[in-house]
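Taking it in order: structure first as structure tokens, then the write-up.
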Amino acid sequence: MWDLAPGPYQKDCFAQYGLKTDKSGRFAAQYKPYHLIGLELGISVASIMCRGEPTGQCQTFAADTVATAKKDLKAGEKLDGEGGFMVYGRLMPAEDSLAIEGLPIGLAHGLVLKKDAKKDQRLSWQNVEWSLETQVVAVRREMEDIYRQEFASRKSKTNGTNGTNGVSG
């Protein structure tokens, strides 16, 4: 991630924080293994719209962040989504998320529970009322179908006589 110090205060912060900068001390690069979507979304959108520059790009669907109950939830409650009091996101392998029909944390806002959920329970599409009339839901469900097929295709291909690197045993 690139940082720009627009003034002396930010330049001093770069030095105090020990960030590697260019000779002017105004430009710095930092490695961040996490993308804090709630804090960085505006910058990401502006970067895409103003400069045509993506802030990240997936090679495949490898992981998913599934909405998980922060407390016992009752049928009929409307989820408040990311950053709220009802659910948090739990990272899991994408294939596992598809197996349980995991509800993405990013789509949990405003959905109504159809059945009770216990604290720390990962929520699925089966737990909430949803509609394919909502474009983002329709696109997500279509993506899930595509990757279910891809994951199934990978499993059906073996690599040797018994499926383990050609080693019979």
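Read-outs: derived from the displayed coordinates by stated rules, not from any lab. Only a predicted model underlies this, so the values are computations on that prediction, with no experimental measurement involved. A quick note on method: Cβ atoms are made from the backbone with ideal geometry, for glycine too, and the neighbour counts reach across all protein chains shown.
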Dipole-positive endmost among 17, 136, 57 within the chain (Cβ charges, Cα centre): 17
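Using +1 on the beta carbon of Lys and Arg, -1 on that of Asp and Glu, and nothing else charged, what's the dipole of region 99-139 about the Cα centre, debye to 20? Mind showing how you got there, number by number?
Working: 5 positive and 5 negative charges, 39 e Å.
Taking the Cα centre of region 99-139 as origin, the dipole is about 180 debye.
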Farthest positive-ward along region 76-118 dipole, Cα basis, beta-carbon charges - from 113, 102, 81: 113
Between helix 135-156 and the chain: long-axis angle, C-alpha atoms, 0 to 90°, nearest 10: 70 degrees
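Quick check on the exposure proxy: order 132, 111 from fewest to most C-beta atoms within 10 angstrom.
Working: 132 11, 111 24.
By the 10 Å Cβ count, ascending: 132, 111.
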Cα-based helix-to-principal-axis angle, 8-17 vs the chain, degrees rounded to 10: 60 degrees
FRET efficiency estimate (nearest 0.05) - Cβ-Cβ, residue 23 to residue 96, R0 35 angstrom: 0.15
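Pairs 32/78; 32/74; 11/32: which exceed 26 Å Cα-Cα?
On the way: 32/78 34 Å; 32/74 37 Å; 11/32 19 Å.
Listed pairs above 26 Å: 32/78; 32/74.
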Aspartates and glutamates with Cα under 17 Å of residue 119, excluding same-chain neighbours fewer than 8 positions away: 72, 77, 80, 82
Cα-based equivalent ellipsoid, the chain: semi-axes from gyration tensor eigenvalues, Å: 36, 27, 16
Amide H within-cut-off set for residue 63, under 5 Å, with H built and near neighbours excluded: 94
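When the dipole is taken about the Cα centre of region 18-117, and only Lys, Arg (+1) and Asp, Glu (-1) are charged at their Cβ, what size is it in debye, to the nearest 20? Don't skip to the end; give the middle numbers.
Values: 12 positive and 12 negative charges, 80 e Å.
With only Lys, Arg, Asp and Glu charged at Cβ, the dipole is about 380 debye.
Which value, in debye to the nearest 20, describes the size of the charge dipole of the chain about its Cα centre when Lys and Arg Cβ atoms bear +1, Asp and Glu Cβ atoms bear -1, and nothing else is charged?
On the way: 22 positive and 21 negative charges, 69 e Å.
For the chain, the charge dipole is close to 340 debye.
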Cα long-axis angle, helix 37-51 against the chain (0 to 90 degrees, to the nearest 10): 70 degrees
